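The values are calculated or read from the model by the stated rules, or taken from the named source; none is laboratory data. Predicted, not measured: the structure shown is a model, and the values here were computed from it. Positions of Cβ are generated from backbone atoms using ideal geometry, with glycine treated the same way; all protein chains shown enter the neighbour counts. In case anyone asks, the SASA skips ligands and DNA or RNA and just uses the protein heavy atoms, side chains included. Shrake-Rupley method; radii C 1.70, N 1.55, O 1.52, S 1.80 Å.
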Amino acid sequence: MSQEPVVADYMDKEFVTLSPELSINKAMGVLMKKKLIAALVVDEKGLPVGLLAENDCLKVLLNQAYYNQEPEDTVKNYMQKAPEAIPSTTTLLEVANIFLKNRFRRLPVMDSGKLVGQITRRDLLRAMHRQLFFKK
Amino acid sequence: MMQKTFLKFESDTPLKEAVTILGRKRLFGACVVDREGAILGVLSEKECLKLYYEAFKEKNAEYLENKTVSDIMRAEFKTVPSTMNLFDVAQIFLNNEFRRMPVLDSGKLVGQITRRDIVWAIQKYVRGETIQD
């Protein structure tokens, strides 16, 4: 009997996160240097509290350009609401459904209140592609 | 600041091949062109996911076998001319969800610009660096 593929098999267990207390300039630097579109913002307890994405950075940079102001504040002033976490037992099909219904490109994966990974829309598409074309 | 060399798919490229290439190049989408290189649409991950979802639901890879990029690309898309000011382009990205726009001059596809390109360019601008094309 073949098992339904689940998020646990395809999620990223090591991934870049940002602290809400990090200066926004440093945070933007991290995203640019690592060539990331976005990153989960995780507090000192290890819980996802927000998301910082390219559009958020764009807003900060435009303000800087228009008003010549160095932003002094931190990630928590600019981050978006974190996407809702899913358990690692969620099936790929269920995750696909979530991505199709929302504009998020990444989701935190949490088991028993602990952040165990992240899954991006790209990872999901690759996973489905592999499942459809390479698994018998 | 726009990309002059960028990934393009011809409209009859099989979807399966397009997804493989996007995965390999770590890209989120691409412009779709006809045989003469004229822009026809924009392909993005989300549209690919829609079809993969259906195939997955039916547990049927056959569903994707005959699909090409033209079956799922967005045929309505925003474009910008290469002369558009950095900040005007930024505003468009701020107000929309899409990540890329074909750059057209007199109807000819001359490049593509992504949100990332704009973020990079504005960052250079605020640092007082010159933005090279």
Using unit Cβ charges (K, R positive; D, E negative) and no other charged atoms, how large, in debye to the nearest 20, is the dipole of the range A:16-136 about its Cα centre? 820
Rounded to the nearest 10 degrees, the helix B:15-25 long axis (Cα) sits at an angle to the longest Cα principal axis of chain B of 40
Solvent-accessible surface (1.4 angstrom probe) belonging to B:Glu62, in square angstrom, nearest 10: 130
Connecting C-alpha atoms closer than 10 Å in a GNM of chain A, tell me which of A:Gln80, A:Gln118, A:Gln64 has the biggest fluctuation. A:Gln64
With x for Gly and Pro, the residue-by-residue ³J(HN,Hα) of the range A:48-56, computed from phi through the Karplus equation 6.51 cos²θ - 1.76 cosθ + 1.60 at θ = phi - 60° and given in whole Hz, is x, 10, x, 9, 10, 10, 3, 5, 5
Work out the mean other chain Cβ neighbour count within 10 Å for the residues of A:121-132 and drop it here as an integer. 6
With the cut-off at 19 Å, report for the range A:45-136 the share of all Cα pairs above it, as a whole percent. 53
For the protein assembly as shown, the dipole about the Cα centre with charges only on Cβ (Lys and Arg +1, Asp and Glu -1), to the nearest 20 debye, works out at 400
Just want the answer: with Cβ charges of +1 for Lys and Arg and -1 for Asp and Glu, which residue in A:Tyr78, A:Gly46, A:Leu125 is farthest toward the dipole's positive end in chain A? A:Leu125
When the dipole is taken about the Cα centre of the range B:27-113, and only Lys, Arg (+1) and Asp, Glu (-1) are charged at their Cβ, what size is it in debye, to the nearest 20? 160
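For the range B:1-110, take N as its residue count and report Rg(C-alpha) divided by 2.2 N^0.38 Å. Intermediate results must be reported in sequence, preceding the final value.
On the way: Rg = 14.9 Å, N = 110, 2.2 N^0.38 = 13.1 Å.
Here the Cα radius of gyration is 1.14 times the empirical estimate.
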Using each residue's phi in the range B:87-92, evaluate 6.51 cos²θ - 1.76 cosθ + 1.60 at θ = phi - 60° and report the 3J(HN,Hα) Karplus result to the nearest Hz, with x for Gly and Pro. 6, 5, 5, 4, 4, 4
Find which of B:Leu94, B:Trp120, B:Val32 sits farthest along the positive direction of the dipole of chain B, computed with +1 on the beta-carbon of Lys and Arg, -1 on that of Asp and Glu, about the Cα centre. B:Trp120
Which value does Rg/Rh take for the range A:22-95 over its C-alpha atoms, Rh per Kirkwood? 1.06
Amide H neighbours of B:Lys67 under 5 Å, at least 5 residues apart or on other chains, H built in the peptide plane: list them. B:Leu15
Label-point separation in nm, A:Thr17 to A:Arg103, each point 7 Å along Cα→Cβ: 2.5
Taking the alpha-carbon set of the range B:57-133, what are its Rg and Dmax in Å? 17.0, 54
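What does the helix-only formula give at 222 nm for the protein assembly as shown: each DSSP H stretch with n ≥ 4 adding -39500 (n - 2.57), the total divided by the residues, and the result rounded to the nearest 500 deg cm²/dmol?
-11000 deg cm²/dmol
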Need one number: % antiparallel among DSSP beta bridges in chain A, to the nearest 5. 85
